[in-house]
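All of the numbers you see were taken from the coordinates with simple rules; none came from a lab. As the structure is a prediction and not an experimental result, all values here were calculated from the model. Cβ placement follows ideal geometry from the backbone for every residue including glycine, while neighbour counts extend to all protein chains displayed.
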Amino acid sequence: MVHPSPKKDFQVAVVGGGVCGLACAIALHRAGVPVRLFEAAAKFGEIGAGLGVGPNAVRALDKMGLLDAILKKVNPAELKARSFSFYEGLSDNHEAFFTYPTLPEDKAIGIHRAVFLDALVDVLDSSIAYFNKRCTSITESPTKPQRLVIHFQDGTTHEADVVLGADGVKSSVRNFIVDGPDRRLAFSHTVAYRGLIPWSQLEAAGFKIDVSDHPVCITGPSKHFILFPIKDGAVINVVAFSARYDIPIGVGEVNEKAQWVEAVSKNVLFKEYEGWGPDVEALLKCMPDKPGKWSIHVVHPPLESYAKGRIALLGDAAHAMLPHMGAGAGQGIEDAYFLSRLLSHPETNTDNTEQAVLQVYSRIRQPRAQMVWEGSRYAGRVYDMHGPSEPTAEGIRKDLTDMYHPVWHHDMEADVERAVASLRDSGAFTGSSQ
Ligand SMILES: Cc1cc2nc3c(=O)[nH]c(=O)nc-3n(C[C@H](O)[C@H](O)[C@H](O)COP(=O)(O)OP(=O)(O)OC[C@H]3O[C@@H](n4cnc5c(N)ncnc54)[C@H](O)[C@@H]3O)c2cc1C
């Protein structure tokens, strides 16, 4: 691929090549912003699980010109408005609580994570990506004080004007945003068991709930299941959650060296969901022999700012959240879109990135992502029958009504316009482009 001619007098380094870092680097590169991407692993990679991409994330991907690449990898008809059905997990009648109403324009997709990542990698100019580059620290350039030097574990360095940390929940870049040793990392006291199961196998096992074309939530006390179809309905992504509500998020030590993902015996699952209805029993029998168990960690307490100096965070590095609205990656994708629009704006230059542009990014994106963070925690509480209303079908229906609306229907263009207006008001943008 050919590099577009650079339109900027500054260079950006993106640290971390997960979905958010990749999306951001591609969008910046396409917009003519000189950018390099540094990934710690030897190659791009995603786990074997599904990813729900909600309507807001679909729109952001479309605006970045990335949706077509994704739709090339799947049956494009899979992108559609979907209902979301809720079932009672402990009973044996499995009657739906309700089906969440969606508008026809609320198109979403369930996709295998590796397929999603591959689609992005396909459209990345490979010459901007560097592997085995684990960022360990960031310092000021000794010769050009306005520039930053990224230090990597292999002893090499890279100099850039702006560093964007997309290095996930355990972010090393976050150390340079928060003051002091506080990592803002907390265990959510929620674990998730994940598996991919062929739909035909589930049906054959006697699983009666139809999940072949829309997501389903099976609710129960302090536990729930989320199921959604991928691969055109041939495979079902299953996530079984189990949470503790007696310990608040943030209480307890976080051991970053411990395994946050481990393979466990299926017996652990049978024990966790003992006494649940026959559908859950059938489902558990179909789970892989050694399902993965995720100890879900989140960024908490929330960061006051996603930017400091010429460093900014996006994706899980900034706002890793509970996954109960299937919206964490979506928020990182929105970050990527917003950053690409602001950094490629004709009036953004090396003098105004630090004090103005990255600060505005943070001011506008932080409250939005934090709202989704809180919404995701709330959604989990409701699915787990710890919502504000009584733990009945009617209570859950009441607590969930309109919950997804603010997540799915956000005007990203208005955010960009607001940012530009604020930069004009502050004098950072003067109306004349470089
Ligand atoms: C059970 C579960 C289900 C979920 N389901 C959904 C869903 O359906 N929909 C949704 O939108 N979200 C979902 N999420 C959230 C979603 O997975 C994350 O929000 C998303 O993957 C974050 O992407 P990221 O690019 O910010 O970080 P990551 O995917 O963590 O990528 C970070 C990258 O940075 C690299 N890296 C790390 N450290 C360094 C370093 N020091 N230097 C250089 N590179 C580094 C890593 O190797 C990695 O490639 C779910 C999460 C969980 C736990």
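Within the chain, what's the longest run with no GluC sites (Glu not before Pro) in a DSSP loop and at most 13 other beta-carbon atoms within 10 Å? Give the range, please. Display every interim value, and only then the final one.
Details: sites that count: Glu95, Glu105, Glu253, Glu256, Glu274, Glu304.
By the stated rule (loop sites, at most 13 other Cβ atoms within 10 Å), 106-252.
Charging the Cβ of each Asp and Glu at -1 and of each Lys and Arg at +1, and nothing else, the dipole of the chain about its Cα centre rounds to 860 debye. Here the calculated FRET efficiency for Met403 and Thr143, from their Cβ-Cβ distance with R0 = 45 Å, stands at 0.30, rounded to the nearest 0.05. Annotation note: trypsin sites (Lys or Arg not before Pro) in the stretch 244-329 located in DSSP loop regions with a Cβ neighbour count of at most 14 within 10 Å are Arg244, Lys257.
With point charges of +1 on the Cβ of Lys and Arg and -1 on the Cβ of Asp and Glu, referenced to the Cα centre of the stretch 70-178, which listed residue (Ser171, Phe86, Pro145) lies farthest in the positive direction of the dipole? Projecting each Cα onto the dipole axis, the largest value belongs to Pro145. When only the Cβ of Lys, Arg, Asp and Glu is charged (+1, +1, -1, -1), the dipole of the stretch 186-298 relative to its Cα centre reaches about 200 debye. The calculated FRET efficiency for the pair Asp411 and Ser212, based on their C-beta separation and a Förster distance of 45 Å, comes to about 0.85.
Only Cα pairs under 8 Å and 6+ residues apart enter the sum, and on that basis the relative contact order of the chain stands at 20 percent. Shape of the stretch 115-271 from its Cα gyration tensor (a ≥ b ≥ c, root eigenvalues): rounded if a/c is under 1.5, otherwise prolate when a/b > b/c, or oblate? It is oblate, given that a/c is not under 1.5 and a/b is not larger than b/c. Within the set Lys170/Lys231; Lys72/Lys170; Lys107/Lys308; Lys72/Lys107; Lys107/Lys293; Lys107/Lys285, which residue pairs have Cα atoms separated by over 27 Å? Distance filter (> 27 Å) returns Lys170/Lys231; Lys72/Lys170; Lys107/Lys308; Lys107/Lys293; Lys107/Lys285.
With the charge dipole of the chain set up from +1 on Lys and Arg Cβ and -1 on Asp and Glu Cβ about the Cα centre, the Cα lying farthest toward the positive end among the listed residues Ile247, Ala23, Ala129 is that of Ala129.
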